[in-house]
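Notes follow once the structure below has been shown.
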Amino acid sequence: MLYDGATLLASATRTDTGSNSSPAVKVWRKAIFLLDVTATAGDATDYLDVYIDVLAPDGVTYLNAVHFTQVAGNSAAIKHYAVLDATSVAATTFNVTTDCASGVTKPYLLGPATRARYTIVATGSATFSVTAWFIR
């Protein structure tokens, strides 16, 4: 198997909402994503949401494929991973106008570009990275 790695969000301490400005462009049939939260500096009511989006066939719209499990602002260091796989199929049509719920993956969503984005609701900060491996 051939694979390519990509850093979608480099490890950094963040205090506000954002996304990576240069999506990874890869041709792939399976992708593995790792969210690595190394530190949080907040309280239990603060949270971090991290998403993986894929580019739709229109070449403009991003569809949410992964919503990692929400991380509390007072969480210990933690890692989460998600897999998108071309061999997974949707059993029916599905709504892509809203983000997935926390901890949900739509493994059948594929696209020519992939991006990570995040939302931080906190009085503190979170230090984290998102890495991807694309299997051709």
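The values are calculated or read from the model by the stated rules, or taken from the named source; none is laboratory data. As the structure is a prediction and not an experimental result, all values here were calculated from the model. Cβ sites come from the backbone with ideal geometry, for glycine too, and all protein chains shown count toward neighbours.
For ALA132, indicate whether it is surrounded by 20 or more Cβ atoms within 10 Å (Cβ to Cβ) and either of a type outside the set (A, V, I, L, M, F, W, C) or under 19 Å from LEU8 (Cβ atoms) (or both). When the stated conditions are applied, ALA132 passes them. Annotation for region 86-103: no member residue is under 22 Å from GLY5 (Cα atoms), touching a residue at least 24 places away in the same chain (Cβ under 8 Å), surrounded by 15 or more Cβ atoms within 10 Å (Cβ to Cβ) and not β-branched (Val, Ile, Thr).
Pairing each residue of region 24-45 that is within 11 Å of THR114 (Cβ to Cβ) with any residue that is assigned to a loop (DSSP other than H, G, I, E, B) and of a type in the set (A, V, I, L, M, F, W, C), provided the two are 6+ apart or on different chains, yields C-beta distances under 9 Å for TRP28/ALA86; TRP28/LEU110; ALA31/LEU110; PHE33/PHE68.
So is ALA101 modelled with pLDDT of 90 or more, among the hydrophobic types (A, V, I, L, M, F, W, C) and either closer than 19 Å to SER19 by Cβ or not in a strand (DSSP E or B) (or both) or not? So ALA101 does not fit the description; no.
Taking the condition in contact with a Gly (Cβ under 6 Å, 6 or more places away or on another chain) and surrounded by 13 or more Cβ atoms within 10 Å (Cβ to Cβ), does THR40 pass? Yes; evaluated as a whole, the condition is true for this residue.
Would you mention how many residues in region 52-66 are of a type outside the set (A, V, I, L, M, F, W, C) and surrounded by 20 or more Cβ atoms within 10 Å (Cβ to Cβ)? Residues that pass the stated criteria total 1. Exactly one residue among THR123, THR119 is out of contact with any strand residue (DSSP E or B) (no Cβ under 7 Å at 6 or more places or on another chain) and surrounded by fewer than 20 Cβ atoms within 10 Å (Cβ to Cβ), and that residue is THR123. HIS67 satisfies every condition listed in (1) under 28 Å from LEU2 (Cβ atoms); (2) in contact with a Phe, Trp or Tyr (Cβ under 7 Å, 6 or more places away or on another chain); (3) free of Cβ contacts under 8 Å to residues at least 40 places away in the same chain except (1).
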